[in-house]
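Shown next, in structure tokens, is the structure this report addresses.
Values in this text are rule-based calculations from the coordinates and carry no lab data. If you're wondering where the values come from, they're calculated on a predicted model, not measured in any experiment. A quick note on method: Cβ atoms are made from the backbone with ideal geometry, for glycine too, and the neighbour counts reach across all protein chains shown.
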């Protein structure tokens, strides 16, 4: 088990490096630069800025400089928010994005697994079909539709929840988290239901039944863990999906998270900011996949040997 | 073909009707999607010749919906086809050749799966300009991963099937085995996943357009319409609810149909 | 009054009557066996009374004085947990993958009521069923154990709560032939030791006839015949029973009269096949090592071995549909190149037939096209009309009619599909067929009719056969000679009668003993 974690962490480093380098060179291939404002700057100022930010050096050297600074935890200065370093912006945005994403995945797991479980127990009945239909609808709900729609309903019409910004207390979290969690919870419900349907037909369930165990014990002790294997393998893509969704949700609800910085940075060609966010995102996703692998091993001991 | 038609159920018919409407409406409506009616800014529904009213600068909503649906679905289908071709080529090669080649090819897919791909697409859009062609190439190149995995799995199991070995023993050349035995047997599953890829792509395209990174004005798409609606929702909620609802209906129908097909074939 | 008594039982699933008028009785300390083909309702009859199938039973079912049909759900649960224990067919999947052996054994022991078995006691239970290093195994997960070991764990768990009745549903049929005898002997011992009543279900008469006191023959949901095993085997009354007996090959039946053989047709010299280890690991797995054998014109050679012995790999190398690492395959003295280098003329000489008949036929193709596939490639000189005639003739050779031409594989039974596969194999006039477990996925009666068909082909068309199988007794019915494979090596080879009369290698002895 430890060996697996170690192996994953070691392979994560080249992956991360590859992502950083790819993004780095892609950004530099782009026409236009960060200092192309509405009014063109005088050439001398342009040149001075280029030198100040090290943009006049050869590309490879810039890349090397960037990575070696990154290794020390320095993401460099933001080119657009000129008074901030990227580290400062990230330090500000990351907690918000992590709170959003963490709560959303917890909520999605809670709703998804219990809905899937309930549907599986009711297999074939009306409740099962209704839940599965709802789950399909939920998976097809894009956050950029549900977000504004929720804001319209609960914010503007009913006036129950704040429409924008972080504000007081935690009520500002409700709508963004729900909008994020909905599609994921639908997918988890379907996976749980399908997983249980497969597992409950398997031989070892019959063995447990032959032992005279009560059905609830069969379900929870013998059935649920193997049934959740597909859910575990979905967690990686789900995390990526949540991060993407967070970009929209942060934009819609005006939250100063990482996603907003990413979009702003991309639109303004703020290289260090975009690179910083992409690096963080990639690291988060890799970490999350590792976490999913560990859950995998717990759910099915056969995976531990692989 | 008839077998295929018999398998079409109501969700797909809904989508087909919507496509037909999106194609026909622009020909019969008195307004085009970018034409401004100066006398009717933010007109309510059923006012004059504007069935669903007009937006905040006086453009006919229905005409814009039709145009947006056209663009969204066109991009989606094109990108799904790109993913189909790339996915089948990659997956079938890995599955058929097997061994270390397969191992390497699938590791590559696994690695890509773990990437924050949407961000790379966004980067691409930013860097190479926001052309519609790039939107669907970009999306298609992302969405092929699932197709490749599925096709590879199918080919791996097929390759072990005795009828493939029997065909080899019968002197059937490898090319013919792939064309006549392998492809027909994965066609159903590939079709199902193609159907499931389309809503994925619709989602991605609308997402990009929503952020202002996808389809560009004067062209419009459902994502752009949702964005415009969201910006103006305190004045005219219809502007958000119409394209949002339409988008959700298309996504739900395609997903149901795709999942049903997938369950029939696998 | 027997311990377990079923009178006039009928079983329905979704309103469909699947089993009717079944009587079963099992005495304490005795074994009653139900035998029948798949779909005969034998498993259904055993498991339904305990609520282990979706079926509904009617009639009278009494276990140790409790009427299971009148019992409420709670009593049924109790009957299941106190009185009966179960062993199922698939040891690989019958244990819960994420619970340790110890945890599952403990759970099984707790059926009889809350019990605090010590670790030592649990280990003893494993030792009793013949597992070594019992203490260590308590902490292992099922996937670390082999199939035979898992079946022993299943048995230990089934009797851990000291039930009065043990229901064993095909307990050995998923195991390697050489393991079957050991498991059956273990069950016999436990039965005697604990005075268990045992209800045994099997499709294979040969594997149970020495273990059952009482035999019940079922066909299509009805009991055909029942009686004491000795009487029934000596004097079967019903036609179905007689055919079943005839279809069950025995080593003590008289040696068959086989057609004469000619010159050496195919020979292998030091054939070795290795596979790279899966994943990125280095090293090779040796599937077949230095295998040398010959087959004469008109001769049938049995290649026998357990699973993983390399027998299929060797067969595929000879048929040119599998890899060959080193060694030489020759045809009438001429070199026969490996897989990709075989030309059409060489392909026409050897044709394979596989174990799973349904998977052998492309589900998208019509039978007409399936059967003519080899002709199109191997005999391009033949025109379309002749081809059609030959397809028809091949169908006749395998005793199927013209009406099959436009059917698809999905509409065929296992036996029919295997006949179609044989028709495809013989249509281009090969001289050698390589049959990989061609009858083992089929019911005994169907399997024996396929074997008969092969014997006719052997006689009428002088086709040579390589029969890859784990079942010596049925191979003996058509094979002149036998080669025994064990872990990739040919450990024994010779005339069929002399090898089974006096087996030398340990692997051969085990296989013969299991038949």
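Among B:76, B:111, B:94, which one shows the biggest mean-square fluctuation in a GNM of chain B, springs joining Cα atoms closer than 10 Å?
Most flexible of the set in this elastic network: B:111.
For chain C, calculate the relative contact order in percent as a whole number, restricting contacts to Cα pairs under 8 Å that are 6 or more residues apart.
Once normalised by length, the contact order is 15 percent.
Quick one: B:17, A:145, B:150, fewest Cβ neighbours within 10 Å first, how do they rank?
B:17, B:150, A:145
Any number yet on Rg/Rh for the protein assembly as shown, C-alpha, Kirkwood?
1.03
Could you tell me whether chain A comes out rounded, prolate or oblate from its Cα gyration tensor? Rule is a ≥ b ≥ c as square roots of the eigenvalues, rounded for a/c under 1.5, then prolate if a/b exceeds b/c, otherwise oblate.
Verdict is oblate for chain A.
Starting with the fewest neighbours, write out C:170, B:205 ranked by other beta-carbon atoms found within 10 Å of each beta-carbon.
Fewest to most other Cβ atoms nearby, the residues stand as C:170, B:205.
Restricting to Cα pairs below 8 Å that are 6+ residues apart, what does the relative contact order work out to for chain B? Please round to a whole percent.
22
Kirkwood-based Rg over Rh for segment A:96-255 (C-alpha set), two decimals?
Computed over Cα atoms, the ratio is 1.08.
Please figure out what share of the DSSP beta bridges in chain C is antiparallel and state it in percent, rounded to the nearest 5.
55
With a ≥ b ≥ c the root eigenvalues of the C-alpha gyration tensor of segment C:435-489, is it rounded (a/c under 1.5), prolate (a/b larger than b/c) or oblate?
Verdict is oblate for segment C:435-489.
Nearest 10 degrees is fine. How inclined is helix C:119-128 to the longest principal axis of chain C, computing both from alpha carbons?
50
How crowded by other chains is C:120-129, given as the mean number of beta carbons from other chains within 10 Å of each beta carbon?
0
Against the globular-protein guess of 2.2 N^0.38 Å, express the Cα radius of gyration of chain C as a ratio, rounded to two decimals.
Compactness ratio reported: 1.07.
In whole percent, what relative contact order does segment C:4-247 give with Cα contacts below 8 Å and a gap of six or more residues?
Once divided by the residue count of segment C:4-247, the mean separation gives 28 percent.
First obtain the Kirkwood hydrodynamic radius of segment C:22-71 from its Cα pairs, then insert it into the Stokes-Einstein equation at 37 °C and 0.692 mPa s, and state the resulting D in µm² per second as a whole number.
272
Taking segment C:309-392 as the region of interest, what is the percent of Cα-Cα pairs per 10 angstrom bin, listed from the shortest bin to the one with the maximum distance?
Binned Cα distances yield the sequence 15, 39, 33, 13, 1.
Take the alpha carbon atoms of segment C:4-247, find their radius of gyration, then divide it by 2.2 N^0.38 Å using N residues; give the quotient.
Compared with the compact-globule rule of thumb, segment C:4-247 sits at 1.00.
Quick check on the exposure proxy: order C:366, C:125 from fewest to most C-beta atoms within 10 angstrom.
Exposure proxy ranking, most exposed first: C:366, C:125.
Percent antiparallel among DSSP beta bridges with both residues in segment C:4-247, to the nearest 5?
Beta bridges within segment C:4-247, antiparallel portion: roughly 55 percent.
Taking the Cα atoms only, what angle lies between the long axis of helix A:2-29 and the longest principal axis of chain A, rounded to 10 degrees?
Roughly 40 degrees, rounded to the nearest 10.
Quick check on the protein assembly as shown: helices-only [θ] at 222 nm, where DSSP H runs of length 4 and up contribute -39,500 (n - 2.57) each and the sum goes over total residues. Nearest 500, please.
Calculated at 222 nm, the ellipticity per residue is -17500 deg cm²/dmol.
Counting only DSSP beta bridges with both residues in the protein assembly as shown, tell me the antiparallel percent, nearest 5.
Beta bridges within the protein assembly as shown, antiparallel portion: roughly 60 percent.
Under a no-solvent Debye model with one identical scatterer per Cα of segment C:373-515, what's log10 I(q)/I(0) at q = 0.08, 0.09, 0.11, 0.18 Å⁻¹?
-0.28, -0.34, -0.50, -1.05
What is the Cα coordinate range of chain B on the first, second and third principal axes, sorted by size from largest, in whole angstrom?
Per principal axis, max minus min of the Cα coordinates gives 77, 44, 25 Å.
Using only Cα atoms, tell me the angle between helix B:10-28 and the longest principal axis of chain B; keep it within 0 to 90° and round to the nearest 10.
It works out to around 50 degrees.
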